Structure formats: C-alpha cells, structure tokens
There are 2 protein chains.
Amino acid sequence: MSETFVAAPDGGPDGPGPLARLTARCREILGPDAVITDPVRLRTYECDGLTYHRATPGLVVLPESAEQIAAIVRACNEYGVPFVARGSGTGLSGGALPRSDGVLIVTSRMRRILSIDLASRRAVVEPGVTNLAITEAVRDRGFYYAPDPSSQQVCSIGGNVAENSGGAHCLKYGFTVNHVEACEIVTPDGDIVELDRMDAGYDLLGAFVGSEGTLGIATKITVRLSVTPEAVCTLLAAFPDVESGGRAVSAIIGAGVVPAAIEMMDALAIEAAEAAVACGYPPGAGAVLVVELDGPLAAVEQEYAQVERLCRENGAFELRVAKDADERAAIWKGRKSAFAAVGRISPAYIVQDGVVPRTALPGVLAAIDELSREYGIRVANVFHAGDGNLHPLVLFDDEEEGAGERAAEVSGRILDLCIRHGGSITGEHGVGVDKARYMTRMFSDQDLDTMQLVRCAFDPRNLSNPGKVFPTPRLCGEAPGVRKGVHPLVEAGKAELF
Amino acid sequence: MSETFVAAPDGGPDGPGPLARLTARCREILGPDAVITDPVRLRTYECDGLTYHRATPGLVVLPESAEQIAAIVRACNEYGVPFVARGSGTGLSGGALPRSDGVLIVTSRMRRILSIDLASRRAVVEPGVTNLAITEAVRDRGFYYAPDPSSQQVCSIGGNVAENSGGAHCLKYGFTVNHVEACEIVTPDGDIVELDRMDAGYDLLGAFVGSEGTLGIATKITVRLSVTPEAVCTLLAAFPDVESGGRAVSAIIGAGVVPAAIEMMDALAIEAAEAAVACGYPPGAGAVLVVELDGPLAAVEQEYAQVERLCRENGAFELRVAKDADERAAIWKGRKSAFAAVGRISPAYIVQDGVVPRTALPGVLAAIDELSREYGIRVANVFHAGDGNLHPLVLFDDEEEGAGERAAEVSGRILDLCIRHGGSITGEHGVGVDKARYMTRMFSDQDLDTMQLVRCAFDPRNLSNPGKVFPTPRLCGEAPGVRKGVHPLVEAGKAELF
C-alpha cells in the first residue's frame, strides 16, 4: 500500500490555510451536511477500486447540481486548492485517488435521470446515475445502454465518461465515447460549458471523454440508447490450450463475423472461477471462449453456424449453447466473477490492463508465460480476445517478502510487451495515478507535450485532478510553444519563462 | 462572388516581405518545381467547391513528405506567414479557401497507399489519396472504406479528415471520425506528432478530425477497412408528399431497422434530377425515398420485408427494388446527381447543410416551405433523412437584381430553423469560412472560448488556416484563463495582457 500524498500542509479543514477557507466556503455553497470533515468519514474515501494507492482526502463535498460544482471549482481556483471528482469509486487505475491537500467532489447525490426521449434514442442523466440504472429505466420499452463494464451495477456514468469505460460487449458496440452524444461540464476554471458531438466546431467531447478528470467534471450526460437485439446467442467453447482458442478468435473475426463479445479465459483463470462460483466449465479445458452473437434472429443463426464450425476446425472439443437466460447467465458467471475469484487461489493479485493488436495475441501470451516462469509468479489470463484487450491477473502472496515487488515487476513487464507489440498500456481502465509513469515508455516527449498543451489550456493552474495521467506535472508555462519562444507573450517581450 | 482577402501587403512572392522570404525557403526545402508563384497557375487554386468565396493564394507548394510539410510550417512560424492546407479542393464550406498573404500547402503529390493490413483491417495512406482509391485497393479482397461523400471519386482522405466528411451511408456506419484509427500530423508549430485512438491519454484524434485545418495538417492516416456486406438491397419508394415520406422514415427507424442509407428527395429535386439524368423515378411522386439495406443475406431479407410494409402503411404508392448492380446504380443516379442537376432548372443555387433531430423533420420542412413562399425563392430538398441532415438547395437567378442576397437570406434563415429545433449549422460540410459568422448563433461565448482555448494551445500565433471556423479571430492572449487573471504567467506578474 502506498500513501501517495502527504498530509495537508495547512492543517486540513480546521487549520489556518487555504483548505480551511475552502471548507468554510463550501459550507456556504452546499449547506453543512454536504461537507465532510470528520476524519473517520473522510477515510472511507481514501481509495477507489485500485486499493494499492491510498490517501485521505482533505475535504469531501456532496454537491447536488452543476451550479454548486461550478461554485466549488471557482473557490478552488481562488484558494489554489486541487480538486478530484469521484463517482462510485470503482475505477481500477486510481483515477479518483483523493489528495490530502485537496477536495474530493463526490457525485453520489446527483442521481437523477433527467429525461428519456425514445424517438431520438437519447437519455439525459446526472453523473452519479449508475450504468445499469439507465438500462433499467428503458428496458421494458425495448432499449438498453450498451457499454457494460463488469461493475455496471454500481459504477457511475460520470466515472464511465472520465475513464471512457469499456466492457465485454465493446467489441461490437464500442466504448463509452461511442455512446455519449453530449456533456455539460464544469471546466477547471469553473465555467459551465456544453460539449456536443453533433455541433459544428471542434469535437472536444472526444477529448473530454477519457480525460480522467483532468479537463473538468461532467455534470450532465446525454447518452445514446440502443435497441435491444431481436436475438442473442451465447456459446461456450472449450479448447485444449490458449493457442488453439486464439486461432479460433482470429478465424471468426477474419470471416467477417463481429460477435457482440468474445472473451477468453486460460486454465488458471478457469480454475479460480470454478473454486469461487462452481461455474461448471468443461473439465480439462486449457482455455475457454465465451462468444455472444446478437442481432436479427436470421443473422444470428447464420453467424452461429459459422462460429461453431470455426471453433471446431480450430480444436474446440466441447461446445455449449445457452438455451435460455438462465443458461446464458451460467456461462457468463465464470467470466464475470473471474477477477474476484482469483482471491480463492491467491492471497493477493494485481489486475493488469493492456492492449495488443489481435494478430499479436499468440506471441504476447507465450511471452507472458515465459515471464511467469522466469519470476516464479503465476499469471491468470482473462481477456476481451476480440479486441486484444488483456487482463492478466498477476498472483502473489503479500505475506511473502518481496513477492509484491516481483509481481509489480512482472505486471510492468507485461505492459512493456504490449508496447513492444504496437499496443497500449491501457485498454479500458485508464492511466490514473497507477500508470502515469509508463506514459513515457509509450509516447515521445513531443506526443506528451501536445497532450499537455490541451491540459494547460483547460487547467493552467494544474488543479483538476493533478498527478493523474501525466508522468511529470509540467508547469504550464513550460508548454512547448513557450519553451520554443513562439508564444506571442514571450515573443512580444511581455512574458519570461519561469 | 466575394474576394475575401486582400492582395499580399508585401508584394507577394517577388516582393520584399515575409512571403518572399518564405518562397525562397520553400524552394530550398522542396526544389523549384514544387513551388508555384506564377499568377495564372496560382489562380487555379483560388477556391474550393464553394466557389462563392475566392482568393488567389500568395504562394502554392506541393510537398511530398511529412518532413517537408513540417519544414514549411516551421518556416511559416519563423516569418509569420499563415498557411492553409488543401487536398482535392472539393469542400463545400470554403475550408480550403487560400489567403493572398499566405501559402497554400497542396497534398496532391502525397498519394501513396503505404500499407494494407487486412488481418487487423487497417490501411495507412498519405493525405492526398482519394477516398475511392482506398476501396479500389482492397475491394477484390472483400473490403471497403465506408464513408462515402458524393465526391468520393476525387476528394482526398486528408480533406475528409479535416472536414470529418460524411456521406449517404453514414447513418449506419458513422462519419470519417469513426473510421480513422490514427493520424500523423504536423502541428501548427511544425512538430510531427502521432495521434492514436487506442492510445492511453487524451483522445486528441477526436478533436483533430473535423478541426478544418486549424489544429495542424494530417500527413499520414490510418483508416479502418470494413468487410463488404454479404448482401445489399436498394429500394426506391414513391410517396405523394414529403410528410408521408417522413413518417415512413420515422416508422423504419422506430422499428429498430438501421438501413445503410435512407435518402429523401422532394418534388423539385426529383424534377431537377429527371431533367439532368432522366433517372426515371415514378411520375407524380411528391417525394421519393432511397433505402439501402446491407448485411448478412438473411437479415437483409427480414429487414426488407419490414421496410416494404412500413413504406406501404405510410402511403408509398410505388416500390421498386434493384435486382442487380445496374438497377442499383440507376436508383442512386438521381440522388447522386441531385446537386449538379439543379443547374438544369435554375441558373444559380446555394447548397445548404444543416441538421435537425429526426423527430423535428416534418416541422422544419413545413417551415422551409413557408420561407420559400415568403421570399418567392424555390427550395429543393435533398437529404440524408435517417440522421436528419438536410441539404436544401436554394435556387435563384444570379442575373436578377438582389436575388442572390435574398437566396443567401433564406439559406441563413434555414440554419436558424435548424438551431431553433435543437440541431446544428452543419452536418457534414463543415463551418469553413462560410459559416463562421453563424457560430455565435449556436454557441455561447463560453462555449466558443473553450474551443479557442484548444486552438490557441495548438496555434498561439493563429497561422494554421486562420479565418476559418471561428467568427472572431481572438488573440490568443485573450483566452479566458488569461482574461480572468488565472494564467500563471499573469498571476506571477510575468505577463500582461496585450
């Protein structure tokens, strides 16, 4: 566990410094019951789903409107206090890790579904609404909200926007960014602004979604609703090993079939799932594929015939097809419980998140296997095989001296493998605080400078979720335009570097 | 016709000023035959597809690589000369309108397809490659590039990226932004940077695509290739009027069918198409719908039965289905020639481009009809009905005193209608120089400030396609952060406003 940020230098909410002044202002803006300063209650917000990093927030506030958030952010600017937004706290990269010298803005009181317009297939919701609540509100009328992170019962749509969350069905339907039509945001300097995909001008919505809280806070989100498909077909295919399963994935995609989901689990992940939820996957499988097809009935039937044939041709020794919703749930149960299940076979583990081109999967899996042997560390593989998004689970015993460090090293070397194969250090969990240090392995200084240009334009004082995404909190005066002397203020002799 | 920019103040490429120095430098960078200064040859670049705005460029260069473009852009920064990029010049909003005090960077010598990787369904191309050339390179192997602007035989992929171009099939398959996976760009200060959708960090690709040349120049584009659908079904349905056609569109989308395209033409557009290409649409039609379905054969059959029923239920009096590629081409011929065909029934016309929510279509069409009567100006309607993207053609006689002005007024009032109904001033043609003045009708000052923040971050000297998109060329020192005194340079007393 790492206590990432030190205690507030000004003595916290009761001290003499800026945090105390901000606390008083927040009480004026929000009323006293929406401002948390009690150390025990503050402690409950010390981490998100990535519990490795912890910090007790200096102050927690529970606003109920965009106007309140804007007022808090303007006060943060006035007093120079950093702010971090948090939805349900299910993120897996520490993106909502609080700061002990800052305020944590929690959106749990902003849970209203503001409007549903089925004719234009849109819903407008507040950021604290859970992902699943949107589907529940429209399911009876034949619609659903497509992105489905494993945490969808509790995770908030605001957090999904911040992290551009994915899920098993993102292979066919895309990520959060593909299902958000517009956002009202509070900018890092406290303005309320609309970003709309269909507007003229820049599509800043694309840059905002997935910016992990560094470009502002979403306060109202317009999501696209999808029509419930006529038919769904879920099948489980058991293979002797991950290589043959991988070949089946390539054959399916290569044939032009785009399943709603293709998930793969290796032997160790299957073992963990069996131990935890007795999912009853075929004994002796070295890998299983869960393939889900959806769409018009006629198309699903045709695709199913192709998928079955391609699985068998590539070595599947058993195929099961769900005949109803219960059987479908049974097939998914093993996959959906895989992360938590690993706790049954290992005292501790790290969930990694990386991406490789689909065609590089076999080579990368073999290399992970080699790493596992080299370090004597078990790695269970669970992944969204269709889009090359790996979730290796690096298992270790936290009682064992040095095991955590070795596991972290294996985990980091897996990311190096992803980069070397032309992939990415995150597929859907985000960079957060956890992977900021890997950004330099993936990007050139010029690439990072270009991103920082935007960050500095929105947030010149570095107050909006500082310490996340970027490896070095560059002073905005150091942005490339200024460094090279082309910034007009510098050129006109009206500014110097500092 | 409007000569938008005045002659170069320094006497042009042969004068004593910055343009002359840039010309000399460009000859060093590119060699003499890639630098055009002859006034007659310069004149051929005076406008893009929107011929209403014209300006002879100060200088035209024909680079062959990203490095050459970066060198030219750095020279522009050194001498303070604005630059405009141009692909094939088919844009319809004046986005590639040159500046007489600047250089036009034409990508017509960058026409190489650099790589095709069918396993990962990607192609990497230079910006001057035409849209259709990508499809032609992969068609035999069962793939195609999905976005299909009407100009696809000649328009360049670099221009498509700049304008986020659409086309008839964007209803189902999305716009250019949905089919571009990565771009190498030259930033406005001359760096070469990679933007990749799947990378960690900000998705700046989303903001870059559609930024109309104001955030830099794409020099290498990675596009997604799509699998040719197994079956395509094209049908033409004739309705007594646009209202009944519009109801059929709503019924089809409401039933959960997403056709590849649904195009509508009204009586005047049909009359023009008949006059020009004798497309043989059903006589007496007040409106026709062209509906194209594609996908697996079984699904297409099922959807066809639904579409046919819904068209008939909503008043279609004749339905034709294409039996082969020739008949398909015949159905599309009328629609694809509609813009040009209008020349047969009117000496001059303005092509408008606006968007309304699909559900607002009937009300907006009725209001356009009223405007048409009020001004005594004929308006032919051609539109991508499925996504509410209107292309009203405002007809006038340019020999008639004041007719052009009245047509421009009608055209502007149509945009007001779109905004009032919650739509946008452009669906796929961009803002360019033509619609910059409408931006303030659609956006608040704060919204525009937020976009300008990004523009100023990338292009603090306002050299990259200046005068486009934004209504007022704001000095970057006036960006909101600075105005409010929160910029660190200002706060530290190291910069003043100027």
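The values are calculated or read from the model by the stated rules, or taken from the named source; none is laboratory data. All of these numbers come straight from a predicted model, not from anything done at the bench. For neighbour counting, all protein chains shown are included, and Cβ atoms are generated from backbone atoms with ideal geometry for every residue, glycine included.
Filtered by the rule that a residue be aliphatic (A, V, I, L, M), in a helix (DSSP H, G or I) and at pLDDT below 50, the range B:448-494 gives B:Val482, B:Leu489, B:Val490. Scanning the range B:157-185 for residues that are among the aliphatic types (A, V, I, L, M), out of contact with any Cys (no Cβ under 7 Å at 6 or more places or on another chain) and more than 8 Å from chain A (Cβ to nearest Cβ) turns up B:Ile157, B:Ala162, B:Ala168, B:Leu171, B:Val180, B:Ala182, B:Ile185. How many residues are without any contact (Cβ under 8 Å) to a residue 40 or more places away in the chain and either loosely packed, with under 13 Cβ neighbours inside 10 Å or not in a helix (DSSP H, G or I) (or both) if we restrict to the range A:25-45? Adding up the residues that qualify gives 13. In this entry, B:Val227 is excluded by the filter for residues that are over 30 Å from B:Met264 (Cβ atoms), at the interface with another protein chain (Cβ under 10 Å from one of its Cβ atoms) and surrounded by fewer than 24 Cβ atoms within 10 Å (Cβ to Cβ).
For the range A:347-372, filtering for residues that are in a helix (DSSP H, G or I) and in contact with a Phe, Trp or Tyr (Cβ under 8 Å, 6 or more places away or on another chain) leaves 0.
Here the condition is being under 19 Å from the mean Cα position of the chain (by Cα), surrounded by 19 or more Cβ atoms within 10 Å (Cβ to Cβ) and at pLDDT 90 or above; of A:Ile414, A:Ile368, it holds for A:Ile414 alone. Taking each residue of the range A:163-175 that is part of a helix (DSSP H, G or I) and looking for partners that are of a type in the set (Val, Ile, Thr) with beta-carbon atoms closer than 8 Å, six or more apart or interchain, yields A:Glu163/A:Thr176; A:Leu171/A:Val258; A:Leu171/A:Ile262; A:Lys172/A:Val258. The number of residues in the range A:130-143 being touching a residue at least 60 places away in the same chain (Cβ under 8 Å) and surrounded by 19 or more Cβ atoms within 10 Å (Cβ to Cβ) comes to 3.
Among the candidates A:Pro188, A:Pro149, the residue that is touching a Ser or Thr at 6+ places or on another chain (Cβ under 9 Å), within 12 Å of chain B (Cβ to nearest Cβ), modelled with pLDDT of 90 or more and assigned to a loop (DSSP other than H, G, I, E, B) is uniquely A:Pro188. Within the range A:449-462, residues that are at the interface with another protein chain (Cβ under 7 Å from one of its Cβ atoms) have Cβ atoms under 6 Å from residues that are modelled with pLDDT of 90 or more in these pairs: A:Thr450/B:Val193; A:Phe458/A:Pro188; A:Phe458/A:Leu215, counting only partners at least 6 apart in sequence or on another chain. Restricted to the range B:217-245, and to residues that are more than 27 Å from the chain's Cα centre (by Cα) and in a loop (DSSP other than H, G, I, E, B), which residue is nearest to B:Ala146 (Cα to Cα)? Of everything passing the filter in the range B:217-245, B:Glu230 is nearest to B:Ala146 (Cα to Cα). In the range B:89-114, the qualifying residues are those that are under 12 Å from the mean Cα position of the chain (by Cα) and of a type in the set (Ser, Thr, Tyr), and the one that is surrounded by the most Cβ atoms within 10 Å (Cβ to Cβ) is B:Ser93. Could you tell me whether A:Ala75 is of a type in the set (A, V, I, L, M, F, W, C), surrounded by fewer than 24 Cβ atoms within 10 Å (Cβ to Cβ), at pLDDT 95 or above and touching a helix residue (DSSP H, G or I) at 6+ places or on another chain (Cβ under 9 Å)? It is true that A:Ala75 is of a type in the set (A, V, I, L, M, F, W, C), surrounded by fewer than 24 Cβ atoms within 10 Å (Cβ to Cβ), at pLDDT 95 or above and touching a helix residue (DSSP H, G or I) at 6+ places or on another chain (Cβ under 9 Å). Scoring A:Pro13 on the criteria (1) over 21 Å from A:Val129 (Cα atoms); (2) in contact with a strand residue (DSSP E or B) (Cβ under 6 Å, 6 or more places away or on another chain); (3) not in a helix (DSSP H, G or I) leaves a single failure, condition (3).
Restricting B:Glu405, B:Glu399, B:Glu409 to those that are surrounded by fewer than 16 Cβ atoms within 10 Å (Cβ to Cβ), outside the structural domain of B:Arg99 (by the TED database) and free of Cβ contacts under 8 Å to residues at least 12 places away in the same chain reduces the list to B:Glu405. Yes or no: A:Leu293 in contact with a Cys (Cβ under 6 Å, 6 or more places away or on another chain), part of a strand (DSSP E or B), in the same structural domain as A:Ala261 (by the TED database) and under 21 Å from A:Cys170 (Cα atoms)? So A:Leu293 passes the test.
Within the range A:304-326, restricting attention to residues that are in a helix (DSSP H, G or I) and free of Cβ contacts under 8 Å to residues at least 60 places away in the same chain, the residue that is nearest to A:Phe143 (Cα to Cα) is A:Ala325. Residues considered: A:Ala273, A:Ala287. Of these, the only one that is more than 14 Å from chain B (Cβ to nearest Cβ), buried (at least 22 other Cβ atoms within 10 Å of the Cβ), more than 30 Å from A:Ala182 (Cβ to Cβ) and modelled with pLDDT of 95 or more is A:Ala287. Just one of the numbered conditions (1) crowded, with 21+ Cβ neighbours inside 10 Å; (2) assigned to a loop (DSSP other than H, G, I, E, B) is not true of A:Ala341: (2). Exactly one residue among A:Gly201, A:Gly167, A:Gly206, A:Gly190 is surrounded by fewer than 23 Cβ atoms within 10 Å (Cβ to Cβ), over 14 Å from the mean Cα position of the chain (by Cα) and small (Gly, Ala, Ser), and that residue is A:Gly190.
Evaluation of B:Gly354 against the conditions (1) more than 15 Å from B:Ala248 (Cα to Cα); (2) crowded, with 23+ Cβ neighbours inside 10 Å; (3) outside the structural domain of B:Leu417 (by the TED database); (4) small (Gly, Ala, Ser) shows that the sole unmet condition is (3). In the range A:191-223, of all residues being β-branched (Val, Ile, Thr) and out of contact with any Cys (no Cβ under 6 Å at 6 or more places or on another chain), the one that is nearest to the other protein chains (Cβ to nearest Cβ) corresponds to A:Val193. Scanning the range B:405-451 for residues that are of a type in the set (D, E, K, R) and either touching a strand residue (DSSP E or B) at 6+ places or on another chain (Cβ under 8 Å) or farther than 22 Å from A:Glu194 by Cβ (or both) yields B:Glu405, B:Arg406, B:Glu409, B:Arg413, B:Glu428, B:Asp434, B:Asp447. Comparison of A:Glu303, A:Glu308, A:Glu292 shows that the only residue that is more than 14 Å from chain B (Cβ to nearest Cβ), buried (at least 18 other Cβ atoms within 10 Å of the Cβ), within 28 Å of B:Glu303 (Cβ to Cβ) and not hydrophobic (A, V, I, L, M, F, W, C) is A:Glu292. Scanning the range A:246-261 for residues that are within 14 Å of chain B (Cβ to nearest Cβ) and assigned to a loop (DSSP other than H, G, I, E, B) turns up A:Ala255, A:Gly256, A:Val257, A:Val258, A:Pro259.
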